[in-house]
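J.: Below you will find the structure I want to go over with you.
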Amino acid sequence: MNIPNNLKYTKDHEWVSLEGDVATVGITDFAQKELGDIVYVELETLDQTLEKDEVFGTVEAVKTVSDLFLPLAGEIIEFNDSLESDPEKVNKDPYGAGWMIKVKVSNVDDLNELLSSEAYKELIGA
């Protein structure tokens, strides 16, 4: 199970990478394995400002649809458009080419409430 140490995590299995005040968000390796083959990623919140823990989109796998929760309050400024034609990138490379959104973060201190890689490993029993 791949759980990079340089990222922050949520209890809802999203990961966050922060550069300045822009966060990149995706789902974890654990989440994509639990979901199975991802067939569609939907995001209707581009250019919207959302609060922490609000739903920013959904991910559809062969057997289920799951909501995606925003780990940090802010404005959704970019969606990984390549997922529209190739949603399998989330399965193949969840921390790289399978990233989902970029968020201009309202409060960088929200990052302190997220889980470290060690705490996330403990959460999922890895």
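Just so you know, all these numbers are worked out from the coordinates, no wet-lab data involved. Small disclaimer: the values here were computed from a predicted structure and weren't measured. Because the Cβ atoms are built from the backbone with ideal geometry, glycine has one as well, and the counts that use them run over all protein chains shown.
J.: Could you give the size of the charge dipole of the chain about its Cα centre, using +1 on the Cβ of each K and R and -1 on the Cβ of each D and E, expressed in debye and rounded to the nearest 20? Show your work: numbers first, answer last.
T.: Values: 10 positive and 27 negative charges, 90 e Å.
For this selection, approximately 440 debye.
J.: Given the DSSP H assignment, sum -39500 (n - 2.57) over each helix run of at least 4 residues in the chain and divide by its residue total; what's the result at 222 nm in deg cm²/dmol, nearest 500?
T.: Values: 4 runs with 23 residues, N = 126.
That comes out to -4000 deg cm²/dmol.
J.: Mind jotting down the three principal axis lengths of the chain based on Cα atoms? Whole angstrom, largest first.
T.: Principal-axis extents of the Cα atoms in the chain, largest first: 36, 34, 21 Å.
J.: May I ask which of LYS63/LYS104; LYS8/LYS63; LYS8/LYS33; LYS52/LYS89; LYS33/LYS63 have a Cα-Cα span longer than 23 Å here?
T.: Numbers: LYS63/LYS104 32 Å; LYS8/LYS63 28 Å; LYS8/LYS33 19 Å; LYS52/LYS89 25 Å; LYS33/LYS63 12 Å.
With Cα atoms farther than 23 Å apart: LYS63/LYS104; LYS8/LYS63; LYS52/LYS89.
J.: So if each residue of separation counts as 0.36 nm, and I subtract the Cα-Cα distance between LEU123 and LYS104, what length gain in nm does that give?
T.: Here the segment from LEU123 to LYS104 would lengthen by 4.1 nm.
J.: Then there's this: Enumerate the calculated ³J(HN,Hα) couplings along segment 6-22 in order (Karplus 6.51 cos²θ - 1.76 cosθ + 1.60, θ = phi - 60°), each rounded to whole Hz, writing x wherever the residue is Gly or Pro.
T.: Using θ = phi - 60°, the values come out as 7, 10, 10, 9, 10, 5, 8, 6, 9, 10, 9, 10, 10, 10, x, 10, 10 Hz.
J.: Related question: Between GLU44 and GLU113, what is the label-to-label distance in nm when each label sits 7 Å out along the Cα-to-Cβ direction?
T.: Placing both labels 7 Å beyond Cα along the Cβ direction yields 2.6 nm.
J.: GLU60 to MET1: extension gain in nm, 0.36 nm per residue of separation minus the Cα-Cα distance? If you can, show how the numbers build up before the last one.
T.: Details: separation 59, 0.36 × 59 = 21.24 nm, distance 2.15 nm.
Additional length available on full extension: 19.1 nm.
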